[in-house]
Amino acid sequence: MSAPHPPKAQAHGHRSPRKIALFGGSFDPIHVGHLAVAHAAQRRFDLDEVYFIPSGRPPHKHRHNLAPFPHRFAMVALACAENPRFVQSLAEAGSDLSGRQVFYSIDTVRHFGQRFRRHGDHLYFILGADSFLEIPTWKEYEALLGSCDFIAASRPGFRTDMLRLVIPPELLGRTPALDPRAIALRRTCVYLLDTVRSGVSATEIRRRLQRGQSIHGLVPARVEEYICKQALYCQ
């Protein structure tokens, strides 16, 4: 795993709190759209680190032909290598590092919360706005919404009101958020990141590879080289 971004220094050897974002997904494969979201979030929220967390067996995806976890993790590592603030994570690899286990977002957030909050670090959870609209189907979603701030990424034109529709009224804060693209909850906040214009999808990348078509420019160059050498998604 690559070295994380150096912690912010503070007097007497203590480091000051950092802003940490968790970005999970199947990353099958990771592509320039994922990186565009991470870059946009990093710039807007001044994130110190973005942890890319390849999922083992995603509980909400019914595909049974995911590329093996070691390949997906390797591609994430290659994509993260070009940015010192991006960190590849084995948090959902399982005890045997096979990626065969099912992990739920609430458990992953709790894992990182125990790791970072003792230092006063602030946690964010990055996901697509479409995925946020499905959050009522997630395990312990009310607890999840109260465990960290959320960054819901979308293309321009997506409305914050759409996110509000899936949040139980009792979880909403009494004071409106200062950011017009945010929703204040009791303990946390949901932010809309509506500046990502990439239309790249992992599904289309896999289809292009199956047809023998080029994916140049759709994934980082190192990831493209890895996919070609390993002959991934060709069948």
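What follows is calculated from the coordinates using simple rules that are stated; it is not laboratory data. What you see is a predicted model, and the numbers here were worked out from it, not measured in a lab. Positions of Cβ are backbone-derived with ideal geometry, glycine not excepted, and every protein chain shown enters the neighbour counts.
Brief remarks follow.
- Pairs of Cα atoms farther than 23 Å apart, region 66-200, %: 43
- Radius 15 Å from Cβ of Pro70, net charge of other residues (Lys, Arg +1; Asp, Glu -1): +1
- Per DSSP, loop trypsin sites (Lys or Arg not before Pro) in region 106-157 with at most 10 further Cβ within 10 Å: none
- Net +/- balance of residues flanking Ala152 in space, Cβ distance below 10 Å, scoring K and R +1, D and E -1: -1
- Most fluctuating residue given options Ser198, Ser214, Ser55, as computed from a GNM of the chain linking Cα atoms under 10 Å: Ser214
- Note on region 16-200: antiparallel DSSP beta bridges, both residues inside, total approximately 15 percent of the bridges counted.
- Near the amide H of Gly128, within less than 5 Å, lie the amide hydrogens of Ala153, all on another chain or at least 5 residues away, with H placed in the peptide plane.
- Sparse-neighbour loop sites [GluC sites (Glu not before Pro); region 50-153; at most 16 other C-beta within 10 Å; DSSP]: Glu82, Glu134, Glu140
- Across region 16-200, the mean sequence separation of Cα contacts (distance under 8 Å, 6 or more residues apart), normalised by length, yields a relative contact order of 23 percent.
- Other residues whose C-beta falls under 15 angstrom from the C-beta of Gln230 contribute a net charge of +1, scoring Lys and Arg +1 and Asp and Glu -1.
- Note on the chain: the alpha carbon radius of gyration divided by the globular reference 2.2 N^0.38 Å gives 1.02.
- Paramagnetic label zone (point 7 Å from Cα along Cα-to-C-beta, Glu142; backbone N under 17 Å) in region 179-214: 185-188
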